[in-house]
């Protein structure tokens, strides 16, 4: 096996490892988010100190997700990075524009309900998934 | 930008996966380069030139030429 083949084998392994690490951090973050959200209601009866600790843990796991995501991006090859960064750029734009428009609808009472951050997160998630899919199709 | 990836690869009887391994990129990237859908970075172009033992301009041509 040549050096380049060994190097490539390592790259694929590194991408896989980075993906698994990102998945683990994301899963841990989601669990901590659920705990910080529902814990005060159903587990520790709104105890302030425990709630603060739960939120801090969620924040720390969130930082872990950001670092794992950055490391994952660094392991991708240049086309994969281009597709991912394009999807991220579109998601950021949609998140900002749609988020502010949605907020304006709420502030001006055009919509009767309160603007929920979860709606924005859903839109951003869908935008990222669709943008990534379209990107892969474009270069396949 | 046009390139001779497909021809050079075929001359060596390599699959896209073989070339991808040798250039340390994904097979999707090789496929996109061969179809002219993606222009590689200068770093990857130099790497390809070293692999094929050719000059960069012998592999890649500006379509305006």
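General remarks:
- Segments classed as helices (runs of 4 or more DSSP H), wholly inside segment B:13-58, with at least 3 members that are surrounded by fewer than 18 Cβ atoms within 10 Å (Cβ to Cβ) and more than 7 Å from chain A (Cβ to nearest Cβ): B:42-52
- Test for residue A:72: is it over 20 Å from the mean Cα position of the chain (by Cα) and surrounded by 13 or more Cβ atoms within 10 Å (Cβ to Cβ): no
- Looking across segment A:36-50, the residues that are touching a helix residue (DSSP H, G or I) at 6+ places or on another chain (Cβ under 6 Å) and within 18 Å of residue A:117 (Cβ to Cβ) come down to A:36, A:40.
- Filtered by the rule that a residue be within 14 Å of chain B (Cβ to nearest Cβ), exposed (fewer than 13 other Cβ atoms within 10 Å of the Cβ) and not in a helix (DSSP H, G or I), segment A:91-140 gives a lone residue, A:140.
Let's see how each residue does on (1) surrounded by 15 or more Cβ atoms within 10 Å (Cβ to Cβ); (2) outside the structural domain of residue A:127 (by TED's automatic domain parsing):
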site: A:28; (1), (2): yes, yes
site: A:34; (1), (2): no, yes
site: A:39; (1), (2): yes, yes
site: A:42; (1), (2): no, yes
site: A:46; (1), (2): no, yes
site: A:52; (1), (2): no, yes
site: A:62; (1), (2): yes, yes
site: A:65; (1), (2): yes, yes
site: A:87; (1), (2): yes, no
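The values are calculated or read from the model by the stated rules, or taken from the named source; none is laboratory data. Remember, predicted model here, so these are calculated numbers, not experimental data. All Cβ positions, glycine included, derive from the backbone under ideal geometry; neighbour counts span all protein chains shown.
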